[in-house]
Every structure is written in structure tokens, then in C-alpha cells.
1. Taking all protein chains together and a probe of 1.4 Å, list Glu127, Glu7 from the most accessible to the least accessible.
2. From zero up to wherever the largest Cα-Cα distance of the range 253-317 sits, split into 10 Å bins and tell me the percent of pairs in each.
3. Any chance you could get the radius of gyration and Dmax over the Cα atoms of the range 143-219, in Å?
4. Quick one: if you take sqrt(5λ) for each eigenvalue of the C-alpha gyration tensor of the range 292-341, what semi-axes come out, biggest first, whole angstrom?
5. Could you work out the relative contact order of the range 134-290, using alpha carbon pairs under 8 angstrom and six or more residues apart, expressed as a whole percent?
6. Not counting ligands, DNA or RNA, and with a 1.4 Å probe, what is Ser230's accessible surface area in Å² rounded to the nearest 10?
7. Any chance you could run the full-extension gain for Tyr64 through Lys337? It's 0.36 nm times the residue separation minus the Cα-Cα distance, nm to one decimal.
8. For labels at Phe27 and Asp193 in the simple 7 Å Cα→Cβ model, what's the distance in nm?
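The values are calculated or read from the model by the stated rules, or taken from the named source; none is laboratory data. Worth saying up front: this structure is predicted, and the values here are computed from it rather than measured. All Cβ positions, even for glycine, are placed from backbone atoms using ideal geometry, and neighbour counts span all protein chains on display. Ligands, DNA and RNA are excluded from the accessible area calculation, which covers all protein heavy atoms including side chains. Shrake-Rupley method; radii C 1.70, N 1.55, O 1.52, S 1.80 Å.
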Amino acid sequence: MAGQGAELFFSIEHLSAMGVVQVVRQFSTIKQAFRTVQNRLKKDRPDAVVLIDYPGFNLKIAQYIKQNYDIPVCYYIAPKVWAWNAARLQKINAFTDHVALILPFETALYKKMGISATYVGNPLVDEYPSRPGVRRAQSNPSTQGKKVIGLLPGSRTSEIKKLLPVMLDAALSISNQVQDICFHVSSGIAVNDAQVRQMVTQHPINPACKIIPGRTGSIFQDADLLIAASGTVTLEAALSQVPTIIIYKVSALTWALGQVLVNVKYVGLANLIMDQEVMPELLQDKANPALVSDKALQMLQVLAPHRRRLEKVRQRLGAPGAPQRTAKIILNLIRQKSGYSPAEFDKPHLKWLE
């Protein structure tokens, strides 16, 4: 967003809490962020508000807006109400004007609740149009003749702390059983780079590792297999047709609550979209080096069937163009609320929306 010219007045890096314990620890920071948004709304009232994910915070903002302003609110990347806390649907209905959905199975739920919503497609279809056609030996000579496993421990500090040691231990076990293998480790956003580098450097598998900063596209291009934290990156991997093992661990309290409150068969987005396990999931106690390495060794023997299963994920998500369709919805909300005429939106820099 910053690259597109948006002013970021409170960094999401300070709000990346996951699980009950972390949210409690970051309560004062979350409260500060809420006050900051309140002040910005008062000083620089926008024509529309677009909420992106993060429902615990964003639904409170939406409620505040509806109680104090006459500003259209669009929710893009909607809360995972199909997984847990379906009561949020009532708040979404009350405090938003429209929801732009990015997962096809969400449509029926929103329609049933009478919420104004549109399935716009998934933005990752645009970002990952197909698996790169250049073979690894051509795109990266250093990996020629080797198997490559990508290690993607997540973007949150807590995820890296819990998951990267498991991944590195599993990698060491794999390297002891497979010759000519190397590991590409994602360090993600810049703030995590030092943490990842320190953990990799101190591990015995270090000589076989290459740390890849920034976005994960180059890892997808080179990897035969991924071991990844549950999250959006696993759907990116599916669209890139890279076989992936999904792992995740949370605090014991969060896991216990999840067993009671969460109502889904899978955590991986590709698995949810296909309603079957096209990416193996090893969660909590199963996310241990022995099970992860065993599963990786099994998959390395038969990668082609795993790739074929992932081809169907793209078909389920539909055509590209989600960002343009969402932008149209937002502009229409502004026009309806403000009484702008269509001609006022017919400007050269908006022609790409047609």
C-alpha cells in the first residue's frame, strides 16, 4: 500500500497479534491504534473506509464510524466467520455497507444472512497467474541438480519463534537422508530478517540454507516442496503449484479454545477451497521435526500427483480481476452516498476500472 502512495499512519507490524495471549499482551498498543484512527477520522474525514481483515479491530472501527459518521464502509478480505465466531455476521450486517468476498464458499453464507456482499474473486489469482515456466536449472544455476525445499515460518515474531526451529530440525533430518538437497528460508518482511538469520546461523543445517528476504515468489520458482506456516502464503503456493506441508503451533490456551470454538475441517486455505486435504496439515503436537521430515521425505518421492491436485485450486477461484471489481464497488459506494454523478468518475486514471 505504501508503494502505491498510501500514507501509513500506524504500522500493522505493531498490531500483528495472533491468539488470545498475544492480544492481551498488546492491548495497550491496540487501544492506541484505535485512538489514532478516531483522531484521523475527525481531522481528515474520508469519502469511504475500506476494512481489510483483522476483524477484532476493524469491526470496532466500523461500529464507531456508523455511530458517529455518515461514511460508507466496505469490508475487503472478510473475517473468517465460517471458521469461528459466526456472531460477527450480525456486526458486519449492521456496520458495513458492502462486503467484497475473496473465497467462493463464503457467498452462500452471506446470502443466507441477507448481507450485501459480492464474490469479487481472489487477488492472488492476479498476483500468481501461473507457475513460472523457467525450470530451476535455468533460473538459478546454484540449485542445478539439487532438490530444493522452501521453509516459510510466517511473518509474525511469535510464528518464527515457534515454527522455524521445527523446520530447521526437520531440514537437518531430511539432509541426512537425501543427497544434493538445499533449503531456501524466507525471512519475510525486513523487521524479521535479523531474527531469522540469527536462528539459521546458529543451527547445524546452516551450510545447506539460503536466506531469501522479501516476497516468496523466488522461493516458489525454485522449490520442489515447501514447509510453510498456515496462512495466505499456502494459497500462494497452491496457485504456484508447489506441493506444501502446512504446519502451525499456538499457545496451549489458544489451541484448547480453538478445539471448542473453531468449526472447520482444515486450516489451509487450499484445503478449505477444495474441501479436501490437497496440502498435508501437521498442527500443534504433530508439528514436530520427526513427523514433518517423514512427510517431506514421502512427498519428495511422488511430487507430480501433489502438483496435479493443486491445479484445481485455481479453477475454483475463478477469473482474475478481483482488485478492479473491488475498486468499482468502493467507488459506487462513494457515489451513492455523496450523490456524485457517474461523469465525475469518468476520468483517464480510472479507465482501468472499466
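1. Output order, biggest surface exposure first: Glu7, Glu127.
2. Here the calculated profile for the range 253-317 is 18, 40, 32, 9.
3. 11.7, 35
4. 46, 12, 6
5. Contact order relative to length: 25 percent.
6. 30 Å²
7. Numbers: separation 273, 0.36 × 273 = 98.28 nm, distance 1.79 nm.
The span from Tyr64 to Lys337 would gain 96.5 nm if fully extended.
8. Calculated label separation equals 3.6 nm.
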